[in-house]
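Right, one structure below, let's go through it.
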Amino acid sequence: MSSESTKQTHPSTETKSAFEQAAKQKSRGVVGEFIDFLKTSKKWWLTPIILVLLLVGGLVLLSGTAAAP
């Protein structure tokens, strides 16, 4: 068996440190991730659809409670 086959490849320290830095950052949450997704992918047309779905969900939630008109 040659010594080359026993060598393990290690990720570069530059990549590892960037990964570690990203892991130590505070999580932004679902809303922050969604806003970042909209910014990076330029899918602003999804915003009104999501808002309408949230409003309809809120109405359904309120219709089943004592707050219903």
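Every number in this text was worked out from the coordinates using simple rules, so none of it is lab data. Since the model is a prediction, treat every value here as computed from it, not as a measurement. Note: ideal-geometry Cβ built from the backbone for every residue, glycine included; neighbour counts use all protein chains shown.
Quick look at the values:
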| item | result |
| --- | --- |
| Cα shape, segment 13-66, gyration tensor, a/c 1.5 rule | oblate |
| Label point distance in nm, Gln21-Phe37, each placed 7 Å from Cα along Cα→Cβ | 2.6 |
| Dipole magnitude of segment 13-66 about its Cα centre (Cβ charges: Lys, Arg +1; Asp, Glu -1), debye to nearest 20 | 100 |
